[in-house]
Amino acid sequence: MSTNNIVVVGAGVTGLTTALLLSKNPANKVTVIAKHMPGDYDIEYASPWAGASYMPFGKKGSDHAEWERATWPALQNLAENQPESGIHFQDITIQNRLKDQNTVTGQWSAELTSANPWFKDFVLNVCDSGYLDPSDPIQRSPALFNQATQFQNLPRDQLPPGIDNAQKFTSVCINPAIYLPWLVSQCMKNGCVFKRASLEHISNAAETHHTGHKADVVVNCTGLASRTLGGVADNQVYPVRGQIMIVRNDPGSMTSISGSDDGGEEVTYIFPRAAGGGTVIGGTYQKDNWDPLPDPNFANRIMQRALKLDPRLVKEGQGVEGLDIVRHGVGLRPARTDGPRIEKDQVNGVRIVHNYGHGGFGYQVSFSCAEKAAGLVTEITQQKDRAKL
Ligand code: FAD
């Protein structure tokens, strides 16, 4: 059996998922190199800051929507059968205000907040149906899933004041502090080797394979850094700043809303993470803003809005002083004007597969985008094998 030497650059959710799928083929010898690894918190590393929930944003019929549809079964399977990965089921309520429809956040979430979204046909409403207690592993079983009720629009008389429509379904919430190391462990089980390195140029990655041999293929999963990395320098890539905080309070389920009265780039979402990860409260959606520091004014407004959106966050009679803050943070979503770039390339004679530019949806498209990238790697390695014959 001929072997394929592959270097994956980047250890965010994109690089790790791509490495995991590639390493399932024993012919692939995979090295993962990255400037930042799970455990690090840095403004150049988006993945640890994510919520991370599954809330489809892709427009009906788009590649984006298809990637979200195709990633759901993998996330559902992990929540159901491998809770040690740091993923759990959570009900989510999504509220929409028509007055947000022309704002940045309203447009970002237009598909998600519509009363008749494409994903309503496959997401379930498991927790609410009474069939499944997501915190009880004994109750998790596919049979119970089959009996769960579907996505539901809330009746008008149950809508909070100022809300034009709202929907509820069972999503997942991923705790990146558990999930990213779990992905590393799964990759290592399959023989992947991890190395710290910071590259100036993407073609230099070909010299970093753990065998000492030149890599046959380099996979570029450097997220926002693809804007400046030598040999890529993609000026379509830009940051969308997200300010968040993590609190110890737990409201019991997830909530999100289309916008706020604090400006078109401010929004509110509340995601209780799996496995004691606390609750993430956001946030902002600020295009082309590189500020790495939490802004106390934003933080104050985020807390006020969160309590309004879900008063269950604090005890009755409490205000924001009832929030028990673990940390404030900022992450930069690695967005790209034309959407994610997943394609083959050749730079300085090195065969490259790109997989970057997943904006605010990197987790919820992770498996399908990684599968596409892995398919392109296979096309290159098969070409190499044919050339040897
Ligand atoms: P990153 O995680 O940024 O990883 C890039 C990797 O490349 C790092 O390891 C870095 O060190 C490495 N690298 C970069 N340059 C170099 C170099 N020169 N040499 C070597 N290595 C290099 N997504 C969801 O699906 N659901 C959500 O609910 C969600 N919420 C979010 C909330 C916030 C506040 C933010 C900021 C993001 C959110 N996202 C969410 C989006 C998600 O976090 C990103 O799409 C995803 O993390 C991008 O992952 P990545 O692996 O492509 O990039």
query: Pairs Lys60/Lys99; Lys35/Lys59; Lys59/Lys287; Lys35/Lys388: which are spaced more than 27 Å apart, C-alpha to C-alpha?
result: Lys35/Lys59; Lys35/Lys388
statement: Rounded to one decimal in nm, the spacing of the 7 Å Cα→Cβ label points at Asn235 and Glu84 is 4.9
- prompt: Do any chymotrypsin sites (Phe, Trp or Tyr not before Pro) in region 3-106 lie in a loop, going by DSSP, with at most 14 other beta-carbon atoms within 10 Å of their beta carbon, and if so which?
  reply: Tyr41
field: Calculated FRET value between Ala70 and Val193, using beta carbons and R₀ = 22 Å, to 0.05
entry: 0.15
statement: Honestly region 338-389 on the Cα gyration tensor test (a ≥ b ≥ c root eigenvalues; a/c under 1.5 rounded, otherwise a/b vs b/c for prolate or oblate) is just oblate
Gained length - Ile325 relative to Lys60, 0.36 nm times residue gap less alpha-carbon distance: 91.6 nm
- prompt: Over the heavy atoms of Thr93, what accessible area does a 1.4 Å probe trace out, to the nearest 10 Å²?
  reply: 30
statement: Farthest towards the positive end of the dipole of region 149-246, among Asn175, Thr222, Asn235 and with Cβ unit charges of +1 on Lys and Arg and -1 on Asp and Glu, lies the Cα of Asn175
query: Given R₀ = 25 Å, FRET efficiency for Arg248-Glu316 by Cβ-Cβ distance, to 0.05?
result: 0.90
- request: For the chain, build the charge dipole from Cβ charges (+1 Lys, Arg; -1 Asp, Glu) around the Cα centre, then report which of Met303, Asn204, Val32 sits farthest towards its positive end.
  value: Asn204
field: Extended-chain gain in nm, criterion 0.36 nm per residue less alpha-carbon gap, Gln152 and Ser2
entry: 48.9 nm
message: Keeping all protein chains in place and using 1.4 angstrom, which order do Ser53, Ser185 fall into by accessible surface area, from largest down?
response: Ser185, Ser53
- request: Give the distance, in whole Å, between the Cα centre of region 239-273 and the Cα centre of region 187-214.
  value: 36
query: Can you list residues whose amide H is under 5 Å from Val326's amide H, if they're 5+ apart or on another chain and H is modeled 1.01 Å from N?
result: Ile246, Val247, Arg248
Net length gained if the chain between Leu159 and Thr228 were fully extended (0.36 nm per residue, minus Cα distance): 20.3 nm
message: With angles folded into 0 to 90 degrees, how steeply does helix 63-81 sit against the dominant principal axis of the chain? Use alpha carbons for both and round to 10.
response: 80
- prompt: Measuring from label point to label point, each 7 Å out along Cα→Cβ, what is the Lys308 to Ser185 span in nm?
  reply: 4.2
query: Dipole of the chain, Cα-centred, from +1 at each Lys and Arg C-beta and -1 at each Asp and Glu C-beta, to the nearest 20 debye?
result: 860
query: Using unit Cβ charges (K, R positive; D, E negative) and no other charged atoms, how large, in debye to the nearest 20, is the dipole of region 270-351 about its Cα centre?
result: 220
query: What angle, in degrees between 0 and 90 and rounded to the nearest 10, separates the Cα long axis of helix 366-388 from the longest principal axis of the Cα atoms of the chain?
result: 10
- line: By the C-alpha gyration tensor axes a ≥ b ≥ c (rounded if a/c is under 1.5, else prolate when a/b exceeds b/c, else oblate), the shape of region 170-255 is oblate
message: Using each residue's phi in region 297-307, evaluate 6.51 cos²θ - 1.76 cosθ + 1.60 at θ = phi - 60° and report the 3J(HN,Hα) Karplus result to the nearest Hz, with x for Gly and Pro.
response: 5, 4, 4, 4, 5, 4, 5, 4, 5, 4, 5
- line: For the pair Gln382 and Asp338, the simple spin-label estimate (label points 7 Å beyond Cα toward Cβ) gives in nm 2.5
field: From phi via Karplus (6.51, -1.76, 1.60), per-residue ³J(HN,Hα) for region 314-319 in Hz, x at Gly/Pro
entry: 10, 6, 3, x, 8, x
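The values are calculated or read from the model by the stated rules, or taken from the named source; none is laboratory data. This is a predicted model, so every value here is computed, not measured. Positions of Cβ are backbone-derived with ideal geometry, glycine not excepted, and every protein chain shown enters the neighbour counts. In case anyone asks, the SASA skips ligands and DNA or RNA and just uses the protein heavy atoms, side chains included. Shrake-Rupley method; radii C 1.70, N 1.55, O 1.52, S 1.80 Å.
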